[in-house]
Amino acid sequence: MNRYLPELFTLPFIIGTVYFLILVITRFVRWFLGLSKIDKIRVWKGLRTRKTWQSVKDSVREGLLHRSIFKVNPRLGYMHMSLAFGWFLLIVIGHIETMWVEGSVHFPIYNSIFHRYFYTEHPSSFTGQFFATLMDFILLFVLSGVFLAFLKRFSSSVFGMQRSTKLKSGDRIALISLWFIFPLRFLAESITAGYYHNGGVVSQSVGKLLASGFDLEKFIYPSWTAYSLAIGFFLIALPNSRYMHIPAEIFYIFLRNYGVKLKRRINSYTNVQVFSCSRCGICLDACQMNVAGIRTQSVYMLKNIRNHNLTDDVLFNCLLCGRCQQTCPVGIELNDLRITQRIESTRQYNSSYDYLREGKIEKSKVIYFAGCMTHLTPGIKESMKKIFHVAGIQYWFMDEEKAPCCGRPLMQAGQFDAAEKLIHNNRQKILGSGADTLVVSCPICYKVFYEDYALPNIKVVHHSEFILDLIEKGKIEAANENKRMIYHDPCELGRGSNIYDQPREVLRRYGRLVPIAEEKENSLCCGGSLSNINIPMEKRDVIMNYALDSYKEYDPDMLVTSCPLCKKTFARGNKLEVKDIAEVVAENLSDVSRHNDKKSVHSSKAQLV
Amino acid sequence: MIDFGYKIAETRTIDYEQFDGRLLEFVLENERSFVKCLSCGGCTATCSAGNLIDFNIRKINLFLRRGSLEELSKEIDKCMLCGKCVLVCPRDINIRNVVMLIKKGIVKFNNEQISS
Amino acid sequence: MKKTILTVGGGLAGIEASKTLADMGYSVSIIEKENDLGGKVNQWHQLFPDFRESSDVQDYIKQSTGSKDIMVFPGTEIASIEKKDNGFYVKSNKAVAFDIDAILLATGFEIFAAERKEEFGYGIYDNVITSVDLEQKFRKGGQFYNAGGKVPKRIAFIHCVGSRDAKTGNHYCSKVCCITGIKQAIELAKLIPGVEIFCFYMDLRMYGLEYEELYKTAQEKYGIQFIRGRLSEASENIDNSILIKCEDTLSGRPLKMNVDLVVLLVGMEAGEGTQNAGTICNVEFGSQRFISCRDAHLRRNLTTRDGIFTAGTCTGPMSIPETLENARSAALEIHKYLSEK
């Protein structure tokens, strides 16, 4: 037979490959065309730079080796890696083997995919046997991954994970055909090796076993056909299934390295990220809403976006705490994606803030903005006032009486245009006061003042940073009571703004910080988040108690946080004494106050539970 | 007939028979905790917007209950979604979600009216 | 041989029940965790609704404990309990242990810690005090000053502090705080002629006889004003006076007011003593952490365990006359139980 004419059985593979390539490439082109103008320019410019090489390296590291998954969950990482990298090796090394056997590079690609069918001579040289056995072992490597994937579908606890993601029908076809590909290949190669003796050590042995029971010759062609069909089905199903993540992730890596940015309006970069989700399930484990029985995690949101059935119930039921984004091995910007969807969902909502007035503006170098929540935790407010007084800082308490909200809660709910009006009103006041420092007590406000307000020449600081500065400049003195404290990183200050060390630096001077397992980037969420619009209060309590109970295990003297919302949420649990960092500092200041001594004694008695 | 400009004076009586319950039903389907409201006024007292303008979240909840939709749509736009009301409510009502649902319901019913 | 009973708690209920039982011929031991008997009654000045001196009740208590059939163990708490034959063997935290036929839990209530409602500023602002603090000031007597040494011109009472509040976990109404507030408002009006007093309420629970009349008297005779609106936040002015923000729901507008003193009407909670004793005795608690009555209508003094009874506020908020009646009823239930054994 003429080896260069495609045998009929290779047709499924050929059709599948062609279909796959056409669909994926057109999808890539469409995505690229859907980028904003400036992003397209970034890509063009980036193509000829080192960023391209970096992207290739990243693709190997993440798309094939799945380093990020390994870091979080080694077993899961091995499973993904054995499938991805293993298959990659099969293709590449298989191709090299065929090149070696042919003695040239000119042969159709299906020759190497179905190598053992087309090249039936027993490998006599050492190199030939080496290749054959190597291919066998790579196939075993992949099969181990297939076995693990099969296991995970039925029992995710084997991987130390709580749950697995649910499947749609397109996904099912792809999944089942994927599971069949490698066992079928193994079967086909073993049958062929049993008849022609052209396999490696493993396929040869299995082949011999099979030959003893069956007349192998008539099974050869069907088994290779089955293998080809499996590949064909998989490749045709892939662009319509979750496995689109394989090419999408690589495309995403390139775009991200070129500097493409997520926009507020949904554009194709949003879709690139949505399709890059490998459904690994790591975000399910990271999400604290698991303990409250809520199933609206990122992976489900992304699935719903792909299937165009995202409901408000899922979309708005997320704390936006960032734990999923933190652990996502693909690096999808989950929080921003969710907010983009919220913008889309609330596009027609009306707001009108014409009632906002200019208000009085005080000239001052330092402005203090307490934030809405801080008014409900006056301990923080009064502590800051005391600290300012003792340090001799003249300041304007901007929202003491009447000030609109900073605008961030509106943004978290997707209403950016409405938030603009509040931002504008506050901005006028801040700029008008001639200040060079803006001290903020609430991390939610801090993030929007720092990132969105655009306040030139004004340093925006959270009060923990400001206090550290005061201590370092000697304007206030610390006093160490040696109490055991746990510091709770607020989501908005920690993961949201990368401020982990300054509060700890302050607290070290006032007590003993107890190191805990889930801190800094891995810190727990208190559950009070404003970003979750529709969670019932009882479920918030479950999340809050989960965090409190885990802190209680360390038996601290008190829990210290730097967010009024966290403080109020934890105080509701009534299990540990909760204080804000400003209160810890203010209680240990030297006895200078604007009232007489009775007041400072009274304040130090304050046992804020 | 000469038009003297007189109109029949309208009383402010709430005629419960004219009750339009669509928005209330829509809100209750998605935020059941709303039924527990006892109109204590804690929410209005702490409201950021209520501090700046005549915006009364307790009254809005009441309008919703009585089906007074026109007053509702004008007033609801003023909420800044800051969340202080939720933090003080003694009945643990998720008032912020009620506001979002009212906004969503207004859009929904307006669209229905336009398309019908 | 006389049957014996252990009363856990030497407050009003515990003492009244023990005295009644002693009069019936039983031998009673009272263990009380404080060093003094009498419980919370010792802290009150005048009682609602008729301004009776609380010393009358305190004297009544002192007389009751004189009997030779009542043994009192101050500074003693229950530590463990075992069922023994037909009764119980109870060990305490001191060297003494008890072999008794029945146990009466009369562990009383605790006062809600107002610091937990941080937005009201208790413990942060000097001029925010609780109704309990106010009773203490009344007992001290003399000219009435606020924390700044000033005679208050305007005083605010805040109702439902810690009660009827999902945020504190106490969903129930503490019953007696409304009438306490009105009583104290009248006392202040008597002490400080010309003072303006405002009561900020969600509802006014004037459930007892003479209570509604007292409310009317407060308005008519003492000019006390009532504003329906829940306090949301309090803040402090430069001169130490307190700025309160609430909504005047009846006129439908937010209201703010400067006052010289804020009195928080704090509710009753099931305290640590009740939690400890009840857990050790393995009785069932209700959702609000008070001890459950086996039959809420017909047998209020029975717990879910045979031989263990309750008297007084460990099962829920009660006024003084109600506590006394409940305690006597407990004695009768114990008598019934012990007679049938």
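3J(HN,Hα) along region C:175-187: 6, 9, 6, 4, 5, 4, x, 5, 4, 5, 4, 5, 4 Hz, from the Karplus curve 6.51 cos²θ - 1.76 cosθ + 1.60 with θ = phi - 60°, whole Hz, x for Gly and Pro.
Size of chain C from its Cα atoms: along the principal axes, largest to smallest, the extents are 67, 37, 37 Å. For C:Gly11, the residues whose amide H sits under 5 Å from its own are C:Gly38, ignoring neighbours fewer than 5 places away on the same chain, with H placed 1.01 Å from N. As a rough guide to protection, the peptides A:76-88, C:201-213 ranked by mean Cβ packing within 10 Å, highest first, stand as A:76-88, C:201-213. Helix C:211-222 axis versus longest C-alpha principal axis of chain C: approximately 30°, rounded to the nearest ten. The simple spin-label model puts a point 7 Å past each Cα toward its Cβ; for A:Ile91 and C:Ser339 those points are separated by 9.3 nm.
Amide H contacts of C:Glu77: C:Asn93, C:Lys94, each under 5 Å away and 5 or more positions distant or on a separate chain (H built 1.01 Å from N in the peptide plane; Pro and chain starts excluded). Couplings 3J(HN,Hα) of region B:79-91, computed from phi: 5, 9, 6, 6, x, 5, 4, 5, 6, 10, 4, x, 9 Hz, in residue order, whole Hz [Karplus 6.51 cos²θ - 1.76 cosθ + 1.60, θ = phi - 60°; x for Gly and Pro]. A simple charge model with +1 on the Cβ of Lys and Arg, -1 on the Cβ of Asp and Glu and nothing else charged puts the dipole of the protein assembly as shown at about 2520 debye relative to its Cα centre. The 3J(HN,Hα) values that the Karplus relation (6.51, -1.76, 1.60; θ = phi - 60°) gives for region A:562-573 are, in residue order, 10, 9, x, 6, 4, 4, 5, 5, 5, 4, 4, x Hz. Gly and Pro appear as x. Taking every C-alpha pair closer than 8 Å and separated by at least 6 residues, the mean separation divided by the residue count of region A:366-469 gives a relative contact order of 33 percent. Extent of chain A along its three principal axes (Cα atoms, max minus min coordinate, largest first): 104, 51, 42 Å.
How would you rank C:170-178, A:462-470, A:355-363, highest first, on the average number of other Cβ atoms within 10 Å across their residues?
Working: C:170-178: 21.1, A:462-470: 24.8, A:355-363: 13.0.
The packing order, highest mean first, is A:462-470, C:170-178, A:355-363.
In terms of its C-alpha gyration tensor, region C:114-268 has a rounded overall shape, because the principal axis ratio a/c (a ≥ b ≥ c, square roots of the eigenvalues) stays below 1.5.
Taking GluC sites (Glu not before Pro) across region C:246-341, the ones in a DSSP loop with at most 15 further Cβ atoms lying within 10 angstrom of their Cβ are C:Glu284. Within 10 Å of the Cβ of each residue in B:103-109, the mean number of Cβ atoms contributed by other protein chains is 3.
Averaging 1/r across all pairs of distinct Cα atoms in region A:478-605 and inverting the result yields a Kirkwood radius of 15.4 Å. Rounded to the nearest 20 debye, the dipole magnitude of chain C is 180 debye, with +1 charges on Lys and Arg beta carbons, -1 on Asp and Glu beta carbons, and the Cα centre as origin. Under a 5 Å amide H cut-off, with hydrogens placed 1.01 Å from N, C:Val72 pairs with C:Ile30 among residues at least 5 apart or on other chains. Taking the Cα centroid of region C:276-292 and of region B:58-116, what is the distance between the two, rounded to the nearest whole Å? The two parts, judged by their Cα centres, are 42 Å apart.
With the simple spin-label model, which puts each label point 7 Å out from Cα in the Cβ direction, the A:Asn309 to C:Glu110 separation comes to 5.1 nm. Computed over region B:20-115, the alpha-carbon pair-distance distribution with 5 angstrom bins reads 2, 14, 27, 27, 19, 7, 3, 1, 0, each value a whole percent. Rounded, prolate or oblate: which fits region A:444-527, taking a ≥ b ≥ c as square roots of the Cα gyration tensor eigenvalues, rounded meaning a/c under 1.5, else prolate when a/b beats b/c? Because a/c hits 1.5 or more and a/b fails to exceed b/c, region A:444-527 counts as oblate. Spin-label model, A:Asn498 to A:Leu47: label points 7 Å out along the Cα-to-beta-carbon direction sit 3.1 nm apart.
Expressed in units of 2.2 N^0.38 Å, where N is the residue count, the Cα radius of gyration of the protein assembly as shown is 1.18. The mean number of Cβ atoms from other chains found within 10 Å of a Cβ in peptide A:374-381 is 6, as a whole number.
Helices in chain B that qualify as membrane-span-like (whole DSSP H runs, Cα extent of at least 15 Å along the helix axis, mean Kyte-Doolittle hydropathy of -0.5 or higher) are B:95-115.
A dipole drawn for region A:37-129 from +1 and -1 charges on Cβ atoms has a positive end, and of A:Phe70, A:Ile41, A:Ile113 the residue lying farthest that way is A:Ile41. Among the chymotrypsin sites (Phe, Trp or Tyr not before Pro) found in region A:188-220, those both in a DSSP coil and sparsely packed, with 15 or fewer other Cβ atoms within 10 Å of their Cβ, are A:Phe214. Classify region A:1-111: rounded, prolate or oblate, from the alpha-carbon gyration tensor (a ≥ b ≥ c, eigenvalue square roots; a/c under 1.5 rounded; otherwise prolate if a/b is larger than b/c)? It is oblate, given that a/c is not under 1.5 and a/b is not larger than b/c.
Just so you know, all these numbers are worked out from the coordinates, no wet-lab data involved. Keep in mind it's a predicted model, so treat the numbers as computed, not measured. Note that we place each Cβ from the backbone using ideal geometry, even for glycine, and neighbour counts take in every protein chain shown.
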